[in-house]
Amino acid sequence: MTVELNEATERLVLAEIERGNFSSVEEVVSQAIASLSEKASAGSAGAGPRRKGLYELLTAAPFAGSELNCERQLDYPRALDL
């Protein structure tokens, strides 16, 4: 199989080999695919952290107990004189 890399990616791969992190291009590609597989299986299991909403952020520490008013205030239309 032949795989073509752009110049930037090729430089990254060769730099990793020169640093001694990998011994061949095949090893770099194999490790990359293994890492992607691990991330994909971990992501499907829901292991990733969930981002909090603004309300959750403001009602959790260190803001908890600070008596912040998180009620949404309605913006009523203003009268216009035409």
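Just so you know, in the range 31-64 the residues that are in a loop (DSSP other than H, G, I, E, B) and either closer than 30 Å to V3 by Cα or under 15 Å from the mean Cα position of the chain (by Cα) (or both) include one that is modelled with the lowest pLDDT, and it is A47. List pairs: first in the range 58-82 and at negative phi, second part of a loop (DSSP other than H, G, I, E, B), Cβ under 7 Å, 6+ apart or cross-chain? Listed pairs, sorted by first residue: L58/L68; L58/C70; T59/C70. V28: in a loop (DSSP other than H, G, I, E, B) and either surrounded by 10 or more Cβ atoms within 10 Å (Cβ to Cβ) or touching a helix residue (DSSP H, G or I) at 6+ places or on another chain (Cβ under 8 Å) (or both), yes or no? So V28 does not fit the description; no.
The values are calculated or read from the model by the stated rules, or taken from the named source; none is laboratory data. Being a predicted model, the structure only gives us computed values, none of them experimental. Please note: Cβ atoms are built from the backbone with ideal geometry, for glycine as well, and neighbour counts cover all protein chains shown.
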